[in-house]
Each structure stands twice: as structure tokens, then as C-alpha cells.
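Read-outs: derived from the displayed coordinates by stated rules, not from any lab. Owing to the predicted nature of the structure, the values given are computational and were not obtained by experimental measurement. As a convention, Cβ positions derive from the backbone with ideal geometry for all residues, glycine included, and neighbour counts pool all protein chains shown.
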Amino acid sequence: MLYHLHELQRRLMNPLSVWAQATAELFSNPYSPLAYTPMSRRLAAGYDVLHRLGKRYEKPAFGLRTTPVNGTEVAVTEEMDLDKPFCKLLHFRRELPPRRRRPADPRVLVVAPLSGHHATLLRDTVRALLPEHDVWITDWVDARLVPVSKGPFHLDDYVDYVREFITFLGPDLHLISVCQPTVPVLAAVSLMASDRDPHLPKSMTMMGGPIDTRRNPTAVNALATRKNFSWFENNVIFTVPSSHPGYLRKVYPGFLQHAGFVAMNPDRHLKSHWDYYLDLVKGDLDDVEAHRAFYDEYNAVIDLPAEYYLDTIRIVFQEHRLPKGTWDVRGKRVRPQDIRTVALFTVEGELDDISGSGQTQAAHDLCSGIPKSKKRHLTAEGAGHYGIFSGRRWREMIYPRIRDFIREHD
């Protein structure tokens, strides 16, 4: 019922949002006489804020059309190499001129989180990698767009997808997983190592992930343990309405996830919108565009398959099966200690309020079969959760270390 009420609210807000946008244009467009009336800037700013609060945010584009390679800008095209019901494997193919070709750059698969936002949240991650790497990314599909005829999607299916993608891209591959996928990525590589799979990747970089949430639990971890499993089943799982292709599919709605993240830092978001209003009044277009770019991404959310979400709550956050060594995928035990040849790099943010300190680094203890010479860890000073894969600290502090680590083990 809540999902239907949310859809009704969106439909009621849409005309108001469109009207606010048009009115903002009337008070700001230089060809409009109303733009030269007293208070026009403030009125336009107010209506613009109202428009953005009420609009529906669609999936953003990656927008990575070019990248510098050896000092020359080359074109980048997105190609869908694999099309699965719940995920698309995207390749950012660089158009390298024959006369400028060089030894093949390392092949990198970025495993994006399936946690409420689109893979485009890692745009800055991909942008930094592109000049010196051949990059693929997992582009997860909004569950409300997947017909029920495609079947359910469990955490085991996620592990299967990752393993299929690794096999498809071959053994000369480096993995980068950000946040939530560190767990299924470690499971996939562990199972491959146990099976002596010849397609094992060369390295895996894990960033800000919940490998062992018993270490320094955050507010996000506390919520998962404070409520029992049946509470999540009964209170946050809803049915997709008939207006979407995934009609009747059980999901954890993206708007609930978004509301939860906003509720963690309401003052910060309120101040951000107030600053946006003031920047519009002042005409500070750089800050205005930065605000719009961030919230266009932040407010674009996706629904998660209910089976996958509930599996994650139980297996990762409540029962801690991975660090306890009790997790079975398709009836086979996940044994990180069987990994011996894959290099491991863990990255954490000093100020991360989603994955606490030590939660990702726990992978080193689990992967006891990897020699110390193949292990690295970095705690990025001053970096929060988003700062470890986006922004200045990612570009200047973290990415160079990952680049060197990949080159060392390529």
C-alpha cells in the first residue's frame, strides 16, 4: 500500500513541479519582462528549489564521451557486452588510433553496488580509471523494470553473475568492488579458487565494504541487528504497482532507501538546499551546477529485489556468515582461505559512516592463503564513504595507489 501511496504522491507532485519550473523560467529568462521586476531572482530561486523537490529523477547517463590517453583525447563509447535480466555488463571502449596503440592496458571490472543507486554513482571512479585501463562496469537494473516472469534474484544469483562476468572477461582481469559488492565478489573469487578455476582474476580491490560488520558497527549496521528478520519482511518489502513492467514483483523500494540516507544527515541536506537557493540568487552558476549534478545522481534511486535484500540483511548483517565461515552458495561453502594467487587491496575511509573502520580490512584475515607480499591496505584520511570512490581524495590519494597496485600485479 505504501508503494501505491508513493506513486500517487509522485503523480500529484508532477504538475506542481512542472508549474514551478515554468514559473522559475518566467522570473529568470532574460526575454521575460518578469525577470526585471523587484525580487525576481529570489522568486525564480524559490520556484527552482520547489521544482527540484517535486520532480522525478530518472537514471543519469555516464556521459563519459572522451578520455585522455598519452596526452591525446580519444572517443569513448559504451557497449553492452552481456545483457542479463538484472544486470548489464557495460564496456567503456576507447577508440585508440592505430598509430598510437601501445601494450594493452590492464583490464578492470568495476563491480558497482546494488544498494539503491544507479551504477552512474561511480562515474568519477570510471573517469579516473579510463586513461590507463580497459574498463567494464556492472550496470544493475531497477527491479521494478524486471517482469516477474524473469524469476527471483537472490544473493546467490548475485554471486553467480559476478562469477560469470569474471569468466567472460578472462583471467587477465582486475576487480574493483565498491561497498556492498565486496561480499559477493569475495564469495565468487573464493568459490573459483576452491574449484581451481583457470579464470581467476589477478587482483581484487575492495573499497568500503561490509566484510565483517561486527567491527566498529555504524548506524546502518545497528539498524540491521536491532530489528529481527521478520520486521524487515513485514515492514520494508512492497509489491511493484501495475504502472511498471515489474508489476507484482516484491521489492525493497528505492524511495525507502533514499529516505533512510537523508534521515541520517537531515541538517546537511537542508543546508545544501538553502545554499543552493542562495547561489541561485547570487548567480553563482558553478556551485549551482555542482549541486544539481550531485542531487541528480543522489535522488535517482532504484528498487532492489526483495529476495536479494532480505538475503543480505540475514547473511551479511545479522548472521555474519562470511567472517564466521558458515556461508554456503548453491550448497558449496565459501572459503576465502582457498584464495592464493589473487592479490588483495582493501581501502577504507577514515570518516566512513556506512562501513566502519576495519570492516573491509577484515578480508585480509579471511584470505589467509594470500601471501603478505600480495596484500595492501589503505585508510584514506579525511575521506567519508563517498569520498573513497569520488571527488578530490579519490583522484589524488586513492586512485594512484590502486593504479600502482594493479600495475604491480598485472
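Observations on the structure shown:
- 18 Å reach of a label modelled at F294, 7 Å along Cα-to-Cβ, counting backbone N of the range 372-410: 382-396
- With neighbour counts taken as other beta-carbon atoms within 10 Å, the residues D172, D139 rank, fewest first, as D172, D139.
- Calculated FRET value between L26 and D267, using beta carbons and R₀ = 35 Å, to 0.05: 0.60
- Three-way shape call for the range 1-137 based on the alpha-carbon gyration tensor, with the a/c threshold at 1.5: oblate
- With the simple spin-label model, which puts each label point 7 Å out from Cα in the Cβ direction, the D404 to D172 separation comes to 2.5 nm.
- As a size descriptor, the averaged projected area of the C-alpha convex hull of the range 286-387 was calculated at 9.2 nm².
- Cα→Cβ-extended label distance, 7 Å offset, between L53 and E95, nm: 4.4 nm
- Förster radius 25 Å - calculated FRET efficiency between T77 and L285, Cβ distance, rounded to 0.05: 0.25
- Estimated dipole of the chain in Debye, rounded to 20 [Cβ of Lys and Arg +1, of Asp and Glu -1, Cα centre]: 440 debye
- Cβ-placed point charges (K, R +1; D, E -1), dipole of the range 145-301 about Cα centre in debye, nearest 20: 620 debye
- Excluding same-chain neighbours fewer than eight residues apart, the lysines reachable from K324 by a Cα-Cα span under 17 Å are K332.
- Dipole of the chain [Lys/Arg +1, Asp/Glu -1 at C-beta], most positive-end residue of V111, L34, A300: V111
- Normalised contact order of the range 327-410, rounded percent, pairs of Cα under 8 Å and 6 or more residues apart: 32 percent
- Cα gyration tensor category, rounded, prolate or oblate, for the range 188-244 with a/c compared to 1.5: oblate
- Per the Debye formula on identical point scatterers at the alpha carbon atoms of the chain, with no solvent, log10 I(q)/I(0) at q = 0.10, 0.12, 0.13 Å⁻¹ is -0.73, -1.03, -1.19.
- Those residues of the range 1-35 whose amide nitrogen sits under 14 Å from the label point placed on S242, 7 Å along Cα→Cβ: 4
- Residues of type lysines that K88 reaches as a straight line, Cα spacing below 19 Å, ignoring anything fewer than 8 places off in the same chain: K59, K150
- Dividing the mean sequence gap of close Cα pairs (under 8 Å, 6+ apart) by how many residues the chain holds gives a relative contact order of 18 percent.
- Theoretical ellipticity at 222 nm over the chain - DSSP helices of four or more residues, -39500 (n - 2.57) apiece, nearest 500: -12000 deg cm²/dmol
- In terms of its C-alpha gyration tensor, the range 341-410 has an oblate overall shape, because the principal axis ratio a/c (a ≥ b ≥ c, square roots of the eigenvalues) is not below 1.5 and a/b does not outweigh b/c.
- In nm, spacing of pseudo-spin labels at R42 and T225 (7 Å Cα→C-beta vector): 5.0 nm
- Cut-off under 5 Å, modelled amide H: who pairs with G356 long-range: T218
- Packing-based ranking, highest mean first, of 121-129, 6-14, 393-401 given that Cβ atoms within 10 Å are counted: 121-129, 393-401, 6-14
- Taking the Cα centre of the range 113-188 as reference, the dipole from Cβ charges on Lys and Arg (+1) and Asp and Glu (-1) amounts to some 240 debye.
- Residues whose amide H falls under 5 Å from that of M204, counting only those 5 or more places apart or on a different chain, are L175, A343, L344, F345, with hydrogens built in the peptide plane.
- Size descriptors for the range 139-211, from the alpha-carbon set: Rg then Dmax equal 13.2, 37 Å.
- Around the amide H of G369, modelled in the peptide plane, lie the amide H atoms of I339, all under 5 Å away and 5 or more residues distant in sequence or on another chain.
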